[in-house]
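S.K.: There's a structure below that I have some questions on.
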């Protein structure tokens, strides 16, 4: 019987890890569909950013209530996972509380886990209340329906259940130790400290040893299976941020927020135009340049493959917290633009492209694209490029760069700018100002009284 | 305030074989927009008063390309940049000051990659340095004790981290500086950025400048200070929309300093 449960445990573990690796591979493949961009310079600055923003949660606390609760849940999650080491060893080798040889330190660990578990439970319940009872506005925006809405609650329910199972397991274990059950009780006395689960004892007081063992084993199994399931739920969920927040902050833009990249493809064109010796009819000199001349780069982005891999990583990292949208001037004044929706649309389209590749071996044209089928022009043109969304993101996501790349496509590939902008751009081109004033009148202000 | 102001051009400096201390990049709004021209003139008066040898490009200046770039027209932006860089490098410009945060951001951050490397500063930073070097004094004058809130321009504040220079200047005016609910890094846009200045807004339930003006009015200010010609226009319109234009003036920081000295 013991050996059977060990085999089942190992199988469950292998199964979970296999699927997790499969999902991670898919994730990496999809992110790599993006264009190259160098975000490996200045590693010390990048590490610092990651340490501050992801590890240190420095931007989470900009909203103090959510921020502090999040730190509690985050710390609880990370620290309680130390217990996973013991659970896995026990599961594989059929031992019980294998790390208890550490004595007083073990008691300290288990006691800390219990307190953290309680704090996580409280935190998650408050999160649930904020989302479902108080109904904070940013959780009830247009894009937060169906799956995104259920996903958010699923995660909260999951964490509640895992914490309750963890505490139940400990309570049953403690009671078993108290009644001196075989395999649980120890001559040295009570193993572990149970500052929280001790209060559950009245609930299981008087139960037979076999009932207690059943409760303990059931809780233990459901807890570990729940954790393994949750690991594989990540890929389908906004909860991926627990892993991706780290690379996402590492690869985030380091330049001032106002600095937008200068498109390389355009640089080449402009250099050619400004070169008095350039021969527009010249045959490209060698094969390499002929090849690059044959396939001109698309200007801007109309689909996910036109974005760079950091933008795609951003989309998978987004936790849909909506801080970006809450700060967006366009969204606050009732426009359709929501930076969060930009990220969710990018991710959903990328997933669609990924599934297309899974099915066909390579991407087959599906007559859909990110532009129009997911993100409308109306959303794109409502942006003031103010960077409030970029500043608000607690994990360094840059929705603005996607908006900009899509505007570039609209203007340079489709000439689809709003007419007033076409007029302003025509003025810049003809007379060097967005208004129709002659460049020769640029000094007139100094003569005016 | 009736005399014509002397504004030397780079061409004049070059013909005399001299180089100015700093180039004043006036910008399109500062050159053509009636409201922004007042800011330009106020700043020029301050430069004269402080004895700064400055020059403008005059008719050789052209749009930096910022609105084109934010609208997505990278091609037009880079063409403008190439032409401007040719002029600026031709005059061997080292230092540029501008009263427009959009020009400031573009010249400072986006021109270097295209071959234009200059020290670029915003006019509030420049005025602050004049103050620190003792070349200029700032007194409260008619602004002393006035309740003033400063609206952070996105491309000066959040985008480039310049929050303190304009505030320090205002404090030197001995005003009562009050902050809006959303300020500095969390400041709300006036609604003009990203080429929105040149188009009608998308359908919504309010204009961005109205929302921002409401945030400013919450602080019960006597005046609203700005550091950007576009923000200035948007906030002025917002104040008018609230029928407060007779009570609350929207002024650029440079205008306040000039007016405090009766320039």
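S.K.: Cα convex hull of segment B:137-260: mean projected area in nm², to one decimal?
M.R.: On the way: hull surface 29.7 nm².
If you wrap the Cα atoms of segment B:137-260 in a convex hull and average its projections, you get 7.4 nm².
S.K.: How well do other chains shield peptide A:250-263, expressed as the mean number of their Cβ atoms within 10 Å of each residue Cβ? Don't skip to the end; give the middle numbers.
M.R.: On the way: counts 0, 0, 0, 0, 0, 2, 8, 10, 18, 9, 10, 3, 10, 5.
Partner-chain Cβ atoms within 10 Å, mean over residues of A:250-263: 5.
S.K.: Also, quick follow-up: Could you work out, residue by residue across A:264-274, how many beta carbons of other chains sit within 10 Å of that residue's beta carbon, and then give the average as an integer?
M.R.: Working: counts 0, 2, 7, 5, 0, 4, 10, 3, 0, 4, 5.
Across A:264-274, the average partner-chain Cβ count within 10 Å equals 4.
S.K.: Between the helical axis of A:339-360 and the dominant principal axis of chain A, each derived from Cα atoms, what acute angle in degrees is found, rounded to the nearest 10?
M.R.: Roughly 80 degrees between the two axes.
S.K.: Return the equivalent ellipsoid semi-axes of chain B as a descending list in whole Å, where each equals the square root of 5 times an eigenvalue of the C-alpha gyration tensor.
M.R.: Working: eigenvalues 166, 113, 46 Å².
After scaling each eigenvalue by five and taking roots: 29, 24, 15 Å.
S.K.: Could you calculate the contour length gain from residue A:77 to residue A:21, that is, 0.36 nm times the residue separation minus the distance between their Cα atoms, to one decimal place in nm?
M.R.: On the way: separation 56, 0.36 × 56 = 20.16 nm, distance 2.10 nm.
So the extension gain works out to 18.1 nm.
S.K.: Related question: Would you calculate a helix-derived [θ] at 222 nm for chain A, using -39,500 (n - 2.57) for each DSSP H run of n ≥ 4 and dividing by the full residue count, to the nearest 500?
M.R.: On the way: 20 runs with 267 residues, N = 449.
Dividing the helical sum by the residues of chain A leaves -19000 deg cm²/dmol.
S.K.: So what's the convex hull volume per residue for the Cα atoms of segment A:155-312, in Å³?
M.R.: Each residue corresponds to 234 Å³ of Cα convex hull volume.
S.K.: Using a 7 Å offset from the Cα along the Cα-to-Cβ direction at both residue A:268 and residue B:95, what is the distance between the two label points in nm, to one decimal?
M.R.: 4.1
S.K.: Also, I was wondering about something else. Hey, got the average number of other protein chain Cβ atoms within 10 angstrom for residues in A:403-415?
M.R.: On the way: counts 2, 6, 2, 1, 8, 6, 1, 3, 7, 5, 1, 0, 1.
So the per-residue partner count for this stretch is 3.
S.K.: How do A:341, B:6 rank when sorted from fewest to most other Cβ atoms within 10 Å of their own Cβ?
M.R.: By the 10 Å Cβ count, ascending: B:6, A:341.
S.K.: At q = 0.09, 0.10, 0.11 Å⁻¹, what log₁₀ I(q)/I(0) does a Debye calculation on the Cα points of the protein assembly as shown give, no solvent, two decimals?
M.R.: The Debye formula, applied to the Cα set alone, gives -0.87, -1.01, -1.14.
S.K.: List B:132, B:174 from most exposed to least, where exposure is judged by having the fewest other Cβ atoms within 10 Å.
M.R.: Values: B:132 10, B:174 16.
With the fewest neighbours first, B:132, B:174 line up as B:132, B:174.
S.K.: Which log10 I(q)/I(0) values does segment B:10-131 give at q = 0.09, 0.10, 0.20, 0.22 Å⁻¹ under the Debye formula, counting every alpha carbon as one identical point scatterer?
M.R.: So the normalised log intensities are -0.23, -0.29, -1.17, -1.39.
S.K.: Treat the count of other C-beta atoms within 10 Å as a stand-in for reagent exposure and order A:145, B:219 from fewest to most. Can you show the working numbers first?
M.R.: Numbers: A:145 10, B:219 16.
So the ranking, lowest neighbour count to highest, is A:145, B:219.
Bear in mind these aren't lab numbers, they're just calculated from the coordinates by the rules spelled out. Computed from a prediction, not measured in an experiment: that's the story for all the values here. FYI the Cβ positions are ideal-geometry reconstructions off the backbone, even for glycines, and counts take in every protein chain you see.
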